[in-house]
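Since the structure comes first, as structure tokens, the remarks are kept for the end.
The values are calculated or read from the model by the stated rules, or taken from the named source; none is laboratory data. Only a predicted model underlies this, so the values are computations on that prediction, with no experimental measurement involved. Don't worry about glycine lacking a Cβ; one is built from the backbone with ideal geometry, like all the others, and counts go over all protein chains shown. Note: areas computed on protein heavy atoms with side chains; ligands, DNA, RNA excluded. Shrake-Rupley method; radii C 1.70, N 1.55, O 1.52, S 1.80 Å.
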Amino acid sequence: ARAPASLLLVPDLPASAPLPPLRSYLAGVWRLLCSRFFFSLIAYGLASTTLGSVASPAGIGVMRHWCEVQNLPRQMFGLAGRGIFAVGLALTRAYLINANWRTSIAATTLATIVIDVPFTACAVFDIIRSQYFLLGEEFLVEIPAAVQFLMTTFVVVEAADEENVGLVYGLLTSASNLGGSLSPLLSNQLFGRFEPSLSDSANFIEDAPSFRALVFSSFVLGYVFSLLSLCALPLLPAQKADAQARKRAWSSSTAVGWLSAGCFGAAFCYGLTLSVLTLFPRTACLELVGGSGCVHD
């Protein structure tokens, strides 16, 4: 539905200026990569997203087998959640426009954990196993998510100049997306070592007390990684004035440029290699990608 809506409803405005030559565009990319300030934002995007998105695979089993979440209610709650997300954006713009970015991100991360714990505990330990109760948690975390989204968007605005907004947004978004692609691989490697398996439906159907404790401990480990992601906050400016001061005072160097490019390249190659390995039965069993180990004839 998005593609037809984009084609039919979004007008194509004439370009206000000719596109820059490719060589000039690539030179602009390199200048950004060489900036210490920009490197700190790339490092933050990679580190915070990679660590903050580590999640237990047991969440799928909890929803499917223990709370028996159906697709229609989940979609309805998701749609309502988008409305709550919009409310969160409006509240952030109204009341938190001048708030400290680091403090806001730390507070919303802690709030998300505090919201999630009682819902998870009630579902895991069979206190309340209702699909509507569990889906209520996804509904509530939309406001903290909206605050975090806008805070990171403010950083992009302050990092960009008038002539390179799209370029800055693209590079910083790419860093976050790379982190998002690495976190499932890290999760597979980490939680794949849990025994009995957190991905085996039979363990959820058996519902042994020891397995409940194991499932909850895997969620706790996910919370620990969310807290660890806050260690990257010093890489982020505190507010607009701090961002502009760093932008002016922090130097640029070729070494930083190669380091930035190396971070992008290493993250991309690592994520791509492990993703490809999971596609084939002979390599999907490797412990490196979260398997239990391969035994070939």
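Observations on the structure shown:
- Pairs with Cβ under 6 Å, 6+ apart, first in region 98-114 and closer than 13 Å to G88 by Cβ, second assigned to a helix (DSSP H, G or I) and open to solvent by 20 Å² or more (accessible area, probe 1.4 Å): T108/Q148
- Within region 59-99, the set of residues being among the aromatic types (F, W, Y) and open to solvent by 30 Å² or more (accessible area, probe 1.4 Å) comprises F77, F85, Y95.
Conditions (1) at pLDDT below 85; (2) assigned to a helix (DSSP H, G or I); (3) open to solvent by less than 70 Å² (accessible area, probe 1.4 Å), marked per residue:
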{"position": "P11", "(1), (2), (3)": "yes, no, no"}
{"position": "S16", "(1), (2), (3)": "yes, no, no"}
{"position": "L19", "(1), (2), (3)": "yes, no, no"}
{"position": "G28", "(1), (2), (3)": "yes, yes, yes"}
{"position": "R31", "(1), (2), (3)": "no, yes, no"}
{"position": "S40", "(1), (2), (3)": "no, yes, yes"}
{"position": "G45", "(1), (2), (3)": "no, yes, yes"}
{"position": "S48", "(1), (2), (3)": "no, yes, yes"}
{"position": "L51", "(1), (2), (3)": "no, yes, yes"}
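- Whichever residue in region 114-145 is open to solvent by 30 Å² or more (accessible area, probe 1.4 Å), among the β-branched types (V, I, T) and assigned to a helix (DSSP H, G or I) and, among such residues, is nearest to G61 (Cα to Cα): V117
Each row is one residue, and each column tells you yes or no for (1) under 28 Å from F149 (Cα atoms); (2) modelled with pLDDT under 90; (3) under 26 Å from the mean Cα position of the chain (by Cα).
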| residue | (1), (2), (3) |
| --- | --- |
| L235 | yes, no, yes |
| F264 | yes, yes, yes |
| G271 | yes, yes, yes |
| G293 | no, yes, no |
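- Residue list for region 28-49, filter: under 13 Å from T152 (Cβ atoms) and not aliphatic (A, V, I, L, M): Y44, G45, S48, T49
- The set of residues in region 156-174 that are within 16 Å of the chain's Cα centre (by Cα) and crowded, with 20+ Cβ neighbours inside 10 Å comprises L171, L172.
- Residue list for region 243-257, filter: over 17 Å from L150 (Cα atoms) and either open to solvent by less than 20 Å² (accessible area, probe 1.4 Å) or free of Cβ contacts under 8 Å to residues at least 60 places away in the same chain (or both): A245, R248, A249, A255, G257
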